[in-house]
Amino acid sequence: MNDEKKLATILATTGVARDEAFGSVAPPIGLSTTFRWQDHRKPPRYDYARKETPNREELAACLAKLEGAERGVITASGMAAIDLCLNLVGPGDLVLAPHDCYGGTHRLLTHKARRGLFDILFADLSDPEARDAAFALKPKLAYLETPSNPLMRVTDLAACTQKARAAGCLTVADNTFLSPVLQNPIALGCDLVVHSTTKFISGHSDVVGGAVLAAKRDLGDELAWWANCTGVTGPAFDSWLTLRGVRTLKVRVEEQQRTAERLARFLEADERIARVHYPGLESHPQHALAKRQQKGFGSMLSAELRDGLSLPKFLEALTIPTLAESLGGFETLVCVPDTMTHAGMEEQARREAGITPGLLRFSIGLEDASDLQDDLAKALSAAQL
């Protein structure tokens with residue numbers, strides 16, 4: 001699975017020329033909600049679209065192969081994928097999660113825990129001492145996000161899975177930021193991988209979706225049962241669109257990564273920037289770990305303006321990046337996590353995680369790198385006025 005040629009081939013061939021009815025090269029879209037039975041005593045392969053559809057099955061098979069998983073489940077959103085995994089725990093079970101995870105994830109875990117559905121512990125899992133202390137409490141499920149959103153902290157997945165196995169704990173890794181092109185958590189011992197397929201997997205900012213990929217089929221089957229039971233499965237057309245988008249995943253990710261590294265180094269060298277958070281920089285505290293664990297550093301980065309610069313003027317002066325939430329599309333996006341993507345977290349939790357009012361998160365797209373750099377330089381100058 002780590003062979004890049006194999007990955008590219010999977011992306012280009014899944015579902016191609018498999019149409020037995022008409023011989024279509026591109027997978028056809030199947031929008032039927034129900035399917036004909038030949039015998040009322042024997043369910044057909046597809047019976048009802050909430051349970052399974054050909055398009056959803058093709059996408060799940062593709063992502064499972066990319067992640068080295070035995071079973072995939074396609075959900076209606078990334079949050080639905082995370083929530084699906086929470087069906088594996090119950091009242092009294094401890095869930096472990098990073099203190100600096102995505103705001104929507106933090107909100108979901110916090111509010112479900114408040115209802116008594118499980119207990120929650122947020123910890124800095126990039127810190128070995130804090131990580132080991134957390135696993136010593138024997139959690140039932142550990143949710144891992146690496147690099148973290150938005151501060152790009154890197155968690156040692158192999159060390160976490162080793163601790164988890166000793167504690168009898170399942171591990172779930174959110175691989176949205178890097179995609180299977182740059183990181184394979186199952187190869188590092190994780191039981192489950194989740195994606196917001198809205199992001200890099202789809203890559204075109206035109207479809208919302210999620211996926212859970214299970215290292216073992218029995219665990220995947222259990223989650224598939226819950227997905228059908230609760231109705232969180234993704235629509236057929238959305239699955240078709242996502243599979244269409246994933247064809248170019250490798251080339252998009254590699255090009256976006258090249259530009260991101262250039263911009264991260266440019267920003268780090270500018271005295272008007274206080275800090276740049278990007279694992280590809282030698283100054284990043286987990287650079288060596290990222291280099292060992294990942295096949296690349298990705299195209300997500302965050303930066304903080306120095307005191308005295310105007311954040312509103314900086315944002316207003318940008319002409320290429322769009323001020324918007326989400327990430328991983330072909331276009332460069334910038335957001336202010338404190339008031340946008342992480343506003344669902346309580347202010348104290350944001351500050352404890354290191355999310356400041358002046359933090360900017362960039363999702364680097366496919367624009368020309370020199371154009372983006374020039375645009376950032378002009379915006380920094382405007383922020384001084």
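The values are calculated or read from the model by the stated rules, or taken from the named source; none is laboratory data. All values reported here derive from a predicted model rather than from experimental measurement. Cβ atoms come from the backbone with ideal geometry, glycine included; neighbour counts cover every protein chain shown.
Restricted to region 345-376, and to residues that are without any contact (Cβ under 8 Å) to a residue 12 or more places away in the chain and not charged (D, E, K, R), which residue is nearest to Glu268 (Cα to Cα)?
Going through the qualifying residues, I end up with Ser370.
Matching residues to (1) touching a Leu at 6+ places or on another chain (Cβ under 9 Å); (2) in a helix (DSSP H, G or I); (3) charged (D, E, K, R); (4) closer than 23 Å to Ser179 by Cα:
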residue	(1), (2), (3), (4)
Ser326	yes, no, no, yes
Phe330	yes, no, no, yes
Pro337	yes, no, no, yes
Ala349	no, yes, no, no
Pro357	yes, no, no, no
Gly365	yes, no, no, yes
Asp374	no, yes, yes, no
Leu380	yes, yes, no, no
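Surrounded by 24 or more Cβ atoms within 10 Å (Cβ to Cβ), in the same structural domain as Gly103 (by TED's automatic domain parsing) and free of Cβ contacts under 8 Å to residues at least 60 places away in the same chain: is that true of Cys190 in this structure? Lay out the reasoning, then the answer.
Numbers: surrounded by 24 or more Cβ atoms within 10 Å (Cβ to Cβ): yes; in the same structural domain as Gly103 (by TED's automatic domain parsing): yes; free of Cβ contacts under 8 Å to residues at least 60 places away in the same chain: yes.
Here the answer is yes, as Cys190 does meet what is asked.
For region 73-114, give me the residue count where each residue is over 25 Å from Val154 (Cβ atoms) and in a strand (DSSP E or B).
Residues that pass the stated criteria total 3.
What are the residues in region 132-144 that are touching a residue at least 40 places away in the same chain (Cβ under 8 Å) and surrounded by fewer than 24 Cβ atoms within 10 Å (Cβ to Cβ), if any?
Looking only at region 132-144, we keep the residues that are touching a residue at least 40 places away in the same chain (Cβ under 8 Å), and these are 137-144.
Leu137, Lys138, Lys140, Leu141 - these are the residues of region 132-144 that are touching a residue at least 40 places away in the same chain (Cβ under 8 Å) and surrounded by fewer than 24 Cβ atoms within 10 Å (Cβ to Cβ).
Could you give me the residue pairs with C-beta distances under 8 Å whose first residue belongs to region 56-81 and is among the polar types (S, T, N, Q), whose second residue is surrounded by fewer than 24 Cβ atoms within 10 Å (Cβ to Cβ) and at pLDDT below 95 wherever it lies, and which are 6+ apart or on separate chains?
none
May I ask you to list the residues in region 287-303 that are touching a Leu at 6+ places or on another chain (Cβ under 6 Å) and surrounded by fewer than 19 Cβ atoms within 10 Å (Cβ to Cβ)?
Within region 287-303, Lys295 is the sole residue that qualifies.
The rows are residues; the columns are (1) closer than 27 Å to Thr198 by Cα; (2) over 20 Å from the mean Cα position of the chain (by Cα); (3) at pLDDT 95 or above.
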{"residue": "Glu70", "(1), (2), (3)": "yes, no, yes"}
{"residue": "Ser77", "(1), (2), (3)": "yes, no, yes"}
{"residue": "Ala81", "(1), (2), (3)": "yes, no, yes"}
{"residue": "Ala97", "(1), (2), (3)": "yes, no, yes"}
{"residue": "Ala113", "(1), (2), (3)": "yes, yes, yes"}
{"residue": "Ala134", "(1), (2), (3)": "no, yes, yes"}
{"residue": "Tyr143", "(1), (2), (3)": "yes, no, yes"}
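Hey, any hits in region 146-166 for a residue that's in the same structural domain as Trp226 (by TED's automatic domain parsing), out of contact with any helix residue (DSSP H, G or I) (no Cβ under 8 Å at 6 or more places or on another chain) and surrounded by fewer than 24 Cβ atoms within 10 Å (Cβ to Cβ)?
Among the residues of region 146-166, at least one is in the same structural domain as Trp226 (by TED's automatic domain parsing), out of contact with any helix residue (DSSP H, G or I) (no Cβ under 8 Å at 6 or more places or on another chain) and surrounded by fewer than 24 Cβ atoms within 10 Å (Cβ to Cβ), which makes the answer yes.
Where in region 184-297 are there helices (runs of 4 or more DSSP H), lying fully within it, with 3 or more residues that are charged (D, E, K, R)?
217-230, 249-269
Quick check on my filter: what residues within region 115-131 are in a loop (DSSP other than H, G, I, E, B) and either over 23 Å from the mean Cα position of the chain (by Cα) or free of Cβ contacts under 8 Å to residues at least 40 places away in the same chain (or both)? First the steps, then the outcome.
We begin by selecting, within region 115-131, every residue in a loop (DSSP other than H, G, I, E, B); these are 115-118, 124-127.
Residues satisfying the conditions are Arg115, Gly116, Leu117, Phe118, Asp124, Leu125, Asp127.
Filter region 357-385 down to the residues that are of a type in the set (Ser, Thr, Tyr) and surrounded by 17 or more Cβ atoms within 10 Å (Cβ to Cβ) and list them by number.
Our first condition is that a residue be of a type in the set (Ser, Thr, Tyr); within region 357-385, this holds for 363, 370, 381.
Of everything in region 357-385, just one residue is of a type in the set (Ser, Thr, Tyr) and surrounded by 17 or more Cβ atoms within 10 Å (Cβ to Cβ), namely Ser363.
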